[in-house]
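Participant: Structure in structure tokens, see below.
The values are calculated or read from the model by the stated rules, or taken from the named source; none is laboratory data. The model shown is predicted, which means the values in this text are computed figures rather than measured ones. Cβ: placed from backbone, ideal geometry, glycine included. Neighbour counts: every protein chain shown. Accessible surface is based on the protein model in full, side chains and every heavy atom, while ligands, DNA and RNA are left aside. Shrake-Rupley method; radii C 1.70, N 1.55, O 1.52, S 1.80 Å.
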Amino acid sequence: MKDAFEKKNENICGMESLRELYKVGRGPSSSHTIGPERACREMTEKYPDADSFKAVLYGSLAKTGKGHCTDEVIKKTFLPKGCTVEFNLTEADLPHPNTMDIFALKSGEIIGKARILSVGGGSIVFDGKEESRPERIYKHTKFSDISAYCEKENIELWEYVFSVEDEEFYDYLAYIWETMKNSIKRGLADEGVLPGGLDVHKKAKTLFLSQHIDESSETRENRMVCAYAFAVGEQNASGETIVTAPTCGAAGVLPSVLYYEQKKHRFSDDAVIKALATAGLIGNLIKTNASISGAECGCQAEIGSACAMASAALASLFSLSIDKIEYAAEIAIEHHLGLTCDPICGLVQIPCIERNAVAAMRAINAVNLSSFLWNTRKISFDKVVGTMRETGLDMHSAYKETSEGGLARIDV
């Protein structure tokens with residue numbers, strides 16, 4: 001039986017709006033908190049007469065739901081009516097690794113039910129109802145086709161995005177950028193210990209304020225980029241508001257790179273907003289042709305995708321050619337292939353927060369490489385995305401957000 005991940009790639013007929021990629025919400029996990037929260041809200045609207053609800057979590061939602069606070073989010077969303085949450089750790093024949101059943105009850109009787117899939121990035125799909133998916137407004141689904149179209153029309157990638165999206169989309173991205181900056185600023189001022197019991201201390205403020213006696217410009221760049229990435233990662237782990245880029249767990253990569261480069265080179269907010277459009281296009285291509293879900297493809301789908309988005313955004317900020325933007329994104333994905341999703345205790349803390357910082361620095365390096373070597377490359381962005389998908393299908397389930405393998409088995 002083919003799962004939803006395999007089925008969704010069989011008949012790709014377009015791509016959704018970038019509004020479905022960039023979402024504002026509370027962490028720590030787009031698949032485990034933002035997605036289930038949206039599902040609960042839709043069920044509340046669909047069954048207003050229900051006096052209580054019941055949720056059953058399966059797959060990765062069940063195995064790491066406690067660590068991701070999935071049950072807490074569900075209960076809070078259904079207030080004041082109330083909801084019981086069950087973790088089903090045994091059922092295996094699932095349409096998606098993040099599957100949940102929600103029952104609407106009245107006087108103890110079931111008046112409605114739905115099986116809902118949290119498919120990554122905070123997006124949800126009602127099982128068996130293809131029409132529940134958002135409209136696919138982009139007709140192109142391959143970078144090669146988009147590149148050819150842009151060359152024909154003599155436009156940049158960000159111009160292509162704005163030609164497809166609605167008239168309010170620029171303002172939406174402006175809101176996204178303000179939210180990203182605010183999450184960095186809040187994180188840099190925050191102190192204390194992250195929730196969850198691992199006794200992980202927040203480090204963004206220390207990274208931001210500490211300085212080596214003989215600190216070089218390169219060392220300072222690494223420290224500042226890491227401080228910004230840690231700031232967002234720690235806000236996410238604390239259940240604060242962040243932007244999925246493309247997910248909660250990878251939310252620190254893109255904003256940290258853009259924020260650092262804006263401050264360093266004095267790029268305008270307008271320039272950054274256009275770079276966000278380019279980054280979103282890259283994320284959308286990965287989401288459509290592979291996955292941005294750690295439960296489907298491991299952390300290559302989250303951190304790898306975020307690194308590719310940040311690389312493309314930075315290359316766009318520097319006004320590099322479309323070929324160089326593609327190569328930067330390809331380098332970023334290529335060197336994250338096979339990365340496992342193995343959070344200790346199911347918490348988006350170890351190794352997730354550090355990975356955001358490392359990927360942010362790698363994004364900058366990818367752009368530097370692409371600007372010099374773009375005309376020597378042998379493989380395309382599209383082929384690397386296809387390889388990511390194949391790698392995700394081959395990857396053992398223990399390394400795909402289940403906390404059953406890898407670093408997740410270490411006692412701390």
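Participant: At 1.4 Å probe size, with every protein chain present, just tell me what the per residue accessible area of the chain comes to in Å².
Facilitator: Per residue, the chain has an accessible area of 42 Å².
Participant: Are there any trypsin sites (Lys or Arg not before Pro) in region 372-412 that are in a DSSP loop and have at most 13 other Cβ atoms within 10 Å? List them by number.
Facilitator: Lys378
Participant: Who wins for biggest fluctuation among Ile242, Ile353, Ile137 in a Gaussian network model of the chain, springs between alpha carbons below 10 Å?
Facilitator: Ile137
Participant: So, one more: May I ask you to evaluate 6.51 cos²θ - 1.76 cosθ + 1.60, the Karplus curve with θ = phi - 60°, for each residue of region 231-237 and list the ³J(HN,Hα) values in order in whole Hz, giving x for glycine and proline?
Facilitator: Residue by residue, region 231-237 yields 4, 5, x, 6, 5, 4, 5 Hz.
Participant: What shape does region 122-254 have by the C-alpha gyration tensor, where a ≥ b ≥ c are the square roots of the eigenvalues, rounded means a/c under 1.5, and otherwise prolate means a/b greater than b/c and oblate the rest?
Facilitator: oblate
Participant: Further question on the same structure: Can you give the local net charge around Asp51? Use residues other than it whose beta-carbon is closer than 13 angstrom to its beta-carbon, Lys and Arg +1, Asp and Glu -1. Show your work: numbers first, answer last.
Facilitator: On the way: positive: Lys54, Lys81, Lys106; negative: Asp49, Glu109.
Every neighbour counted, the sum reads +1.
Participant: Going down the list Lys23/Lys205; Lys264/Lys383; Lys139/Lys185; Lys76/Lys263; Lys76/Lys205; Lys76/Lys203, which pairs span over 32 Å between their C-alpha atoms? Please report the intermediate quantities before stating the final value.
Facilitator: Numbers: Lys23/Lys205 26 Å; Lys264/Lys383 34 Å; Lys139/Lys185 38 Å; Lys76/Lys263 38 Å; Lys76/Lys205 30 Å; Lys76/Lys203 29 Å.
In this structure, Lys264/Lys383; Lys139/Lys185; Lys76/Lys263 lie more than 32 Å apart at Cα.
Participant: Would you mind checking region 375-412 for residues with the amide N under 20 Å from a putative spin-label position 7 Å along Cα→C-beta of Glu354?
Facilitator: What the label zone holds, given the 20 Å backbone N cut-off, is 399-412.
Participant: Please report, for the Cα atoms of region 90-189, the Rg to one decimal and the Dmax as a whole number; what are they, in angstrom?
Facilitator: Considering region 90-189 through its Cα atoms, Rg and Dmax are 20.3, 63 Å.
Participant: Return an integer: the convex hull volume of the alpha-carbon atoms of the chain, in Å³ per residue.
Facilitator: Taking only Cα atoms, the chain has a hull volume of 142 Å³ per residue.
Participant: In nanometres, what is the gap between the two model label sites at Leu373 and Glu42, each 7 Å from Cα along Cα-to-Cβ?
Facilitator: About 4.3 nm, to one decimal.
Participant: With a cut-off of 8 Å between alpha carbons and a minimum separation of six or more residues, what is the relative contact order of the chain in percent?
Facilitator: Relative contact order for the chain comes out at 19 percent.
Participant: How much mean residue ellipticity at 222 nm does the chain get from its helices, if each DSSP H run of length 4 or more adds -39500 (n - 2.57) and you divide by all residues, to the nearest 500 deg cm²/dmol? Could you put the intermediate results ahead of the total?
Facilitator: Working: 16 runs with 199 residues, N = 412.
Calculated from helices alone, the mean residue ellipticity at 222 nm is -15000 deg cm²/dmol.
Participant: Can I ask one more? Using modelled amide H (1.01 Å from N, peptide plane; none on Pro or chain starts), what sits under 5 Å from the amide H of Ile350, excluding residues fewer than 5 places away?
Facilitator: When sequence neighbours closer than 5 places are left aside, the close amide H contacts are Ile344.
Participant: Can you give me the % of accessible surface on the chain that is carbon or sulfur? Probe 1.4 Å, all protein chains present, nothing else counted.
Facilitator: Answer for the chain: carbon and sulfur cover 49 percent of the accessible area.
Participant: Hey, another quick one. In degrees between 0 and 90, to the nearest 10, how far off the longest principal axis of the chain does helix 322-334 point, with axes built from Cα atoms?
Facilitator: 50
Participant: Select from Gly233, Gly304, Gly192 the residue whose mean-square fluctuation is largest in a Gaussian network model of the chain (Cα-Cα springs shorter than 10 Å).
Facilitator: Gly192
Participant: Let me ask something else. First select every other residue whose beta carbon is under 15 angstrom from the beta carbon of Ser217; then total the charges, Lys and Arg +1, Asp and Glu -1.
Facilitator: -1
Participant: Continuing with this model, one more query. Need one word for region 345-412: rounded, prolate or oblate. Basis is the Cα gyration tensor (sqrt eigenvalues a ≥ b ≥ c); a/c below 1.5 gives rounded, then a/b vs b/c decides.
Facilitator: Note, shape of region 345-412 comes out oblate.
Participant: Across region 307-319, in residue order, what do the Karplus-derived ³J(HN,Hα) couplings come to in whole Hz, using 6.51 cos²θ - 1.76 cosθ + 1.60 with θ = phi - 60° and x for Gly and Pro?
Facilitator: Residue by residue, region 307-319 yields 5, 5, 5, 5, 4, 5, 4, 5, 4, 5, 4, 7, 6 Hz.
Participant: By accessible area of protein heavy atoms, probe 1.4 Å, what ranking do Lys139, Lys264, Lys66, Lys324 get, highest first?
Facilitator: From most exposed to least exposed: Lys139, Lys66, Lys264, Lys324.
Participant: Return the single residue from Ser123, Ser256, Ser31 with maximal mean-square fluctuation; model: Gaussian network over the chain, springs between Cα atoms under 10 Å.
Facilitator: Top of the fluctuation ranking is Ser123.
Participant: Give a residue-ordered list of calculated ³J(HN,Hα) values for region 222-227 (Karplus: 6.51 cos²θ - 1.76 cosθ + 1.60, θ = phi - 60°; whole Hz; x for Gly, Pro).
Facilitator: Residue by residue, region 222-227 yields 4, 5, 5, 4, 5, 4 Hz.
Participant: Taking the C-alpha atoms of region 263-367, how large are the radius of gyration and the largest Cα-Cα span, Dmax, in Å?
Facilitator: For region 263-367, the Cα radius of gyration and maximum Cα-Cα distance read 13.8, 43 Å.
Participant: Counting each pair of different Cα atoms once, what's the Kirkwood radius of region 11-101 in Å, rounded to one decimal?
Facilitator: For region 11-101, the Kirkwood estimate is 14.1 Å.
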